Structure formats: C-alpha cells, structure tokens
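**Q** Here's a structure for you.
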Amino acid sequence: MHVLLTNDDGINAQGIQALWKAIAEIATVTVVAPDVERSATSQAITVHHPIRVDRHCIENPAICAWRIGGTPTDCVKIALEALLPAAPDIVVSGINHGPNLGTDVLYSGTVSAAIEAAMHRLPAIAVSLDNGNPFEFETAAQFTRRLLLEMPHHSLPPNTLLNVNIPSLQGDKIQGVAITKLGVRRYENTFERRQDPRGRIYYWMGGQVADEEDDPATDVTAIKNGKISITPIHFDLTNYGIIQEVRNWNLSFN
C-alpha cells in the first residue's frame with residue numbers, strides 16, 4: 001500500500017511525524033506537506049505566485065518527503081499531478097492539532113486536503129486530535145494505522161472521505177468508536193483592534209466555541225463522550241429537498 005500523507009500544521013508538526021512513523025510500519029509513505037502552518041485555509045489554492053518545492057528529511061531518510069510553499073490543497077494537487085510517478089492507494093491528512101468537528105470542516109485545511117484527494121477519485125481520510133494537555137498523538141496514530149489496514153477491504157462512494165476525530169486520551173481511556181454525522185459548532189468571535197508601529201490599524205481575530213448541540217448522533221457529542229468519531233462526508237452541497245420549491249419561484253428573465 002502506498003500512502004500520500006499531508007497536513008495543514010506543517011511538515012515539522014508533531015502530528016504528521018507521529019503518523020508517518022506509524023504508517024511506515026505497514027505501507028510505503030510519501031510525505032508532501034506545507035512548509036509552515038496553514039491552518040484554516042479551507043480549499044484555497046495558490047494561483048498568484050509560484051509554489052516552492054524542495055526535498056525534506058527530518059528523521060527517516062527512507063521516507064520520501066517534499067516541503068511545499070503552499071496550502072494543504074496545493075500539496076495534494078502538486079503531489080498527484082506533478083511529483084508522484086503514479087497515484088497513491090490512499091491519501092491521509094493529519095494528524096491535526098485540534099478537532100475538526102461539525103461545521104469546522106468548512107474552514108479546515110486538514111479536511112480540504114482530503115477533499116482534494118476525493119476529487120481525484122482516491123480514498124481519503126482526514127485525522128484530527130481533540131485538544132489535550134498533552135496531545136496524545138500516539139493514540140491517534142495507532143488508530144489511523146488500524147483504519148488503514150481495514151480500508152482495502154471496503155470501498156467509499158465517489159467524492160466521499162472519512163473525517164476522523166480522536167479524543168486526546170491514552171488508548172485504554174477511549175470509550176469506543178462511533179460512526180457519526182456532522183454536528184454544529186457556533187463560535188463567539190472577537191476582533192481585537194490594534195495599531196502597528198507606523199500607526200496603521202489592524203484587527204486580530206480570536207474566539208471560542210459558544211454553542212455545541214447535544215444530538216447523540218453527531219461527531220461533537222462522540223468526542224465529548226470520549227469516543228473516536230468517524231464521519232463519512234462528501235462535497236455535494238446541493239439541498240435536493242428544495243430544488244422543486246425554488247423552481248416554482250417567479251424567476252422568469254423577461
């Protein structure tokens with residue numbers, strides 16, 4: 001099995017290093033990851049300046065690695081269309097330093113890299129670790145390894161990926177695995193007004209989760225309960241239920 005591994009926290013992030021070491025025990029791994037952190041970049045691509053690419057090795061020279069001056073989506077695009085001689089068997093994005101639950105997936109660079117792989121008709125997994133002190137990356141890496149061993153025995157529908165969120169707990173504290181739907185997370189954003197040394201005004205955005213639903217079927221609730229959440233997601237955003245209703249609107253052009 002050949003795994004393409006990427007992330008949005010950057011090639012030096014602890015999460016991706018833990019994951020490539022665990023996966024290298026069962027597969028050939030190619031790492032193509034951003035040169036620096038590119039969190040919350042969603043599906044952004046680089047079109048107005050060059051994408052810098054260079055070979056990179058941290059600890060394991062047996063693993064082929066490229067460091068990319070672009071977004072997570074750039075990483076997958078350039079890997080599949082320019083760097084790799086053949087398509088990988090599966091693409092894994094992560095381990096993200098923090099969860100990607102519910103509506104967070106719309107902003108997530110981690111999930112967007114997996115979406116890009118699915119758009120290329122490849123099996124894809126986005127893996128995120130809930131906030132913890134410390135982060136239990138080894139637990140997440142070992143579960144991802146187990147999931148990769150299971151994947152060849154199944155198939156996903158077109159344009160579908162698995163969004164995996166793992167509690168930041170030691171393995172014996174995990175309360176099971178839940179197959180979930182996306183929940184809803186609402187944030188209370190703050191914009192701190194600041195002034196730079198030249199007197200120009202700028203704003204720094206922050207915020208925290210203000211509201212999370214308690215639907216027991218969601219990824220949000222699964223993580224609250226100490227369970228690993230696996231959510232099959234796809235990127236057809238069409239609301240088929242109201243297509244006919246909108247057709248009935250008075251929208252003639254003339």
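The values are calculated or read from the model by the stated rules, or taken from the named source; none is laboratory data. Nothing here was measured: the structure is a model prediction, and the numbers come from that model. Backbone-built Cβ (ideal geometry, glycine too); neighbour counts: all protein chains shown.
**Q** Would you confirm, using the coordinates I've provided, whether LYS227 is under 22 Å from PHE143 (Cβ atoms) and over 17 Å from the mean Cα position of the chain (by Cα)?
**A** So LYS227 fits the description; yes.
**Q** Restricting attention to segment 207-254, which residues are within 24 Å of PRO158 (Cβ to Cβ), among the hydrophobic types (A, V, I, L, M, F, W, C) and touching a residue at least 40 places away in the same chain (Cβ under 8 Å)?
**A** ILE230, ILE233, PHE235, listed by residue number.
**Q** Looking only at strands (runs of 3 or more DSSP E) that fall completely inside segment 124-226, which ones have 2 or more residues that are in contact with a helix residue (DSSP H, G or I) (Cβ under 7 Å, 6 or more places away or on another chain) and at pLDDT 95 or above?
**A** Filter on segment 124-226 gives 124-129, 160-166.
**Q** Within segment 67-110, can you find the residues that are under 17 Å from LEU162 (Cα atoms), surrounded by fewer than 24 Cβ atoms within 10 Å (Cβ to Cβ) and hydroxyl-bearing (Ser, Thr, Tyr)?
**A** THR103, TYR107
**Q** To continue, here is another question. Checking PHE235 against (1) loosely packed, with under 10 Cβ neighbours inside 10 Å; (2) closer than 26 Å to LEU162 by Cα; (3) of a type in the set (Phe, Trp, Tyr): exactly one of these is not met. Which one?
**A** Only one criterion in (1) loosely packed, with under 10 Cβ neighbours inside 10 Å; (2) closer than 26 Å to LEU162 by Cα; (3) of a type in the set (Phe, Trp, Tyr) is unmet by PHE235, namely (1).
**Q** List the number of the failed condition for GLN175; all other conditions in (1) within 23 Å of TYR107 (Cα to Cα); (2) surrounded by 12 or more Cβ atoms within 10 Å (Cβ to Cβ) hold.
**A** Just one mismatch for GLN175, condition (1).
**Q** Quick one: how many residues across segment 195-232 are touching a Pro at 6+ places or on another chain (Cβ under 8 Å) and surrounded by fewer than 13 Cβ atoms within 10 Å (Cβ to Cβ)?
**A** Going through segment 195-232 one residue at a time, the tally reaches 0.
**Q** Answer with yes or no whether THR160 is surrounded by 19 or more Cβ atoms within 10 Å (Cβ to Cβ) and of a type in the set (Ser, Thr, Tyr).
**A** no
**Q** Inside segment 7-123, counting only helices (runs of 4 or more DSSP H) that do not spill past its ends, which hold 2 or more residues that are among the polar types (S, T, N, Q), touching a Ser or Thr at 6+ places or on another chain (Cβ under 7 Å) and closer than 24 Å to LEU149 by Cα?
**A** 109-119
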